[in-house]
Amino acid sequence: MPHTTPPVDALSPALPALDAQAERLIGLGVHEIAGLPAAEVRAFAATVASRAGDEGALLAVHPDRAPASALAPLLRHGGKPGFVVVDMPDVDHFAPLATLPLPDAPLYLLTNPDRGDHLANWSPNEALPALTADARTPLLLTEGIHWVLQQPAVLERNHCFMTIGSRLPKPNGTLDARTPALWLSNGTGRDGRERRNAPKVGWCWAGNRHTWLGFASASGRRTQDA
């Protein structure tokens, strides 16, 4: 695949202001999942919102505090709740790649998130080095869920995304071949017809390509002290 430098995805809807994002998380009870006082979430958002350059940033809770299994059911599309596929019972064991150190804080920002539509029909194995070469960091699964919680329209039929910053380490030091993704269920197979169009946490093989999956990334992560 050729090297390509993406602009920030012009097709992705704009994120709400950081104070509105904080209220959204509090309204969903994410602060309780994370064991954080609502006041702490609001104070963090207020502090980082006062800094220049944070327009369009995504407020995220550290995955150690709010795992994917707890966040996925909070997703909504057309009134239907999100879910994790049945063959991913180990979803919370998918960890950040060793090359992606996270801020040592319960709350942090992702700057300039992009859905990665320009990488549709690339495999995860092909997309990761391309993102790295473009100084982009792939989103974690929990970060992707946070993005959809704040802006549900970023997940749409035929324009969904992978979160290849999260991978499952194996005991021998290699990585499980599954790579997590977020898309809308077709209501087939074990999903069940009642889940058609529901937000879905699933996975794809690291070597496979899909025309309808981009690769979500950001320009960086930082805390209020960075």
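None of the figures in this text is laboratory data; all of them are computed from the coordinates on show. These numbers come from a predicted model, not from an experiment. Glycine gets a Cβ as well: all are built from the backbone with ideal geometry, and neighbour counts include every protein chain shown.
Size of the dipole of the range 56-222 about the Cα centre, Lys and Arg at +1 and Asp and Glu at -1 on the beta carbon, nothing else charged, in debye to 20?
360
Please report the antiparallel percentage of the DSSP beta bridges confined to the chain, to the nearest 5.
85
Could you calculate the FRET efficiency of ASP64 with GLU156 from 1/(1 + (r/R0)^6), where r is the beta carbon distance between them and R0 is 30 Å, rounded to 0.05?
0.50
If you add up the charges near TRP212, with Lys and Arg at +1 and Asp and Glu at -1, over every other residue whose beta carbon is less than 12 angstrom from its beta carbon, what do you get?
+1
Which residue, PRO169, PRO199, PRO124, has the most motion in a Gaussian network model of the chain that connects Cα atoms within less than 10 Å?
PRO169
So, R0 is 45 Å and r is the distance between the beta-carbons of TRP205 and THR47; what FRET efficiency does that work out to, to 0.05?
0.65
Using a Gaussian network for the chain with springs between C-alpha atoms less than 10 Å apart, which of these wobbles most: LEU100, LEU18, LEU58?
For the chain, modelled as a Gaussian network with Cα springs under 10 Å, the answer is LEU100.
For the range 62-123, place one equal point scatterer on every Cα, skip the solvent, and apply the Debye formula. What is log10 of I(q)/I(0) at q = 0.19, 0.27 Å⁻¹?
-1.12, -1.17
Would you please state the base-10 log of I(q)/I(0) at q = 0.07, 0.08, 0.12, 0.16 1/Å for the chain, with intensities from the Debye formula using one equal scatterer on every alpha carbon?
So the normalised log intensities work out to -0.20, -0.26, -0.60, -1.11.
Could you check how many percent of all C-alpha pairs in the range 112-172 are farther apart than 20 Å?
Above the 20 Å cut-off, the range 112-172 has 27 percent of its Cα pairs.
Using a basic spin-label model with each label point 7 Å from the Cα along Cα→Cβ, how many nm lie between GLU194 and THR132?
4.4
Among PRO169, PHE94, ASN208, whose Cα sits farthest toward the positive end of the charge dipole of the chain (+1 at Cβ of Lys/Arg, -1 at Cβ of Asp/Glu, about the Cα centre)?
It is ASN208, whose Cα lies furthest towards the positive end.
When Lys and Arg each count +1 and Asp and Glu each count -1, what net charge do the other residues less than 13 Å away from GLY192, Cβ to Cβ, add up to?
Its environment carries a net charge of +4.
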